[in-house]
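> Take a look at this one; I'll ask things after.
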Amino acid sequence: MSSTNGRDTSIRAALAAVEAAASRPSPVDRFNIDREGPAKRAVKLEALRQRFQKLNEYCDEAAAEIRASLERSAR
């Protein structure tokens, strides 16, 4: 009777291992970083590029105004 109990336990352990493996995401799902697709990411990156370009232009203008103001006050 103990051999049946041991087999029962090993079958339950095997079933538990199979269930645990099935509940985990597959390696493809875990490492798939391209969920949105390249087109959506390209649109987002272009919007960010434009935003940073405008910010850079604003900073250049502000720095030029500050330099001009300092030059006027130094005279």
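The values are calculated or read from the model by the stated rules, or taken from the named source; none is laboratory data. Remember, it's a predicted structure, so these values are computed and weren't measured experimentally. So basically every Cβ, Gly included, is an ideal-geometry build from the backbone, and we count neighbours across all protein chains shown.
> Since Arg30 meets every condition but one in (1) assigned to a helix (DSSP H, G or I); (2) surrounded by 10 or more Cβ atoms within 10 Å (Cβ to Cβ); (3) not polar (S, T, N, Q), which condition does it not meet?
Of (1) assigned to a helix (DSSP H, G or I); (2) surrounded by 10 or more Cβ atoms within 10 Å (Cβ to Cβ); (3) not polar (S, T, N, Q), only one is false for Arg30: (2).
> Please work out which one of (1) loosely packed, with under 10 Cβ neighbours inside 10 Å; (2) at pLDDT below 85 is the condition Arg72 fails and give its number.
(2)
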